[in-house]
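Shown next, in structure tokens, is the structure this report addresses.
The values are calculated or read from the model by the stated rules, or taken from the named source; none is laboratory data. Please read all numbers here as calculations on a predicted model, not as lab measurements. Backbone-built Cβ (ideal geometry, glycine too); neighbour counts: all protein chains shown.
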Amino acid sequence: MSEDVSKRRLGRGLAALIGEMDQPIPVGGETRTSVSPDRTLPIEFVSRSPKNPRRYFDEAELQDLAGSIRQHGIVQPVVVRTIAATNRYEIIAGERRWRAAQLAGLVEIPVIIRDVDDRTALELAIVENVQRADLNPLEEALGYDQLIAEHGYTQNDLGEIIGKSRSHVANSLRLLKLPEPVRDMLAEGSLSAGHARALVSTPDPVSLAKVITAKGMSVRDAEKLAQNHIKSQGAPQHTEPREPKDSDTIALERSLSDRLGLQVSINHKGGGGQLKINYTSLEQLEDICRLLEAR
């Protein structure tokens, strides 16, 4: 089986692996089912994965889940794998449940044990968190970047596995270009992914991020602020003033930008005009060329 086919099968099989559905799951060439926990394990024998893309856990939400676990137990088992030459296990999916179970005082937890390699464990952890919307935008971007760097995934590969568009992956990865203070604001939730994307191409994203949070700006207002800042920092241009764009043109620009994951500008006059696509790397240029050649 080719690597690309294996990646697609992984994406399709994940929901069954992490849930309680009676569906076949391809793991290491075998087909298995997971409808109930394989066993229970002492909670101290289970540890988190250092490569889990999720880094932030809301304390209040963990306390709420712990209260539910005290009343009803863990409804969905934690997916783990064995750690070689030990009697310990590493979490693939379910770290939040494991943390809450500790707060609830459980001494044992139900688990599903899967024998998978490092790459598959990382893939499953990232896709599980993305499909459950458990990651903040920065964690999601770091997860994608980790798969690309360590296992040679392309943006198209990731889009197929997680069920998102290539432009969604590209837009997520753009967030990693932001300076650390802005990334911290994104991780803690004071900035949304939409706000942060508007700042990627600006000369001073940190100052603009502070303005956006202080004023509680919408994403659209943040985009206008960023555009005005870019214009004010550029060299003066002696061009004739342009008429403001109509709402249909602006909507089309947004639609194309979302699809491509790149900034698109349309200048329409009379019966013709210009379509401008901005790219910031050779990889993005290659993506545009591939799209045009495929038509």
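What to note about this one:
- Pairs where the first residue, in region 271-288, is closer than 17 Å to residue 256 by Cβ and the second is part of a helix (DSSP H, G or I) and modelled with pLDDT of 75 or more, C-beta under 7 Å, 6+ apart: 277/260; 277/288; 279/285; 279/288
- Checklist (1) touching a residue at least 40 places away in the same chain (Cβ under 8 Å); (2) under 15 Å from residue 257 (Cβ atoms) applied to residue 155, failing item: (2)
- Scanning region 36-67 for residues that are in a strand (DSSP E or B) and farther than 13 Å from residue 94 by Cα gives 39, 40, 41, 42.
- Looking at region 71-179, the strands (runs of 3 or more DSSP E) lying wholly inside it that each contain 1 or more residues that are among the aromatic types (Phe, Trp, Tyr) sit at 89-93.
- Filter result for residue 128 (touching a strand residue (DSSP E or B) at 6+ places or on another chain (Cβ under 7 Å), buried (at least 16 other Cβ atoms within 10 Å of the Cβ) and at pLDDT below 85): yes
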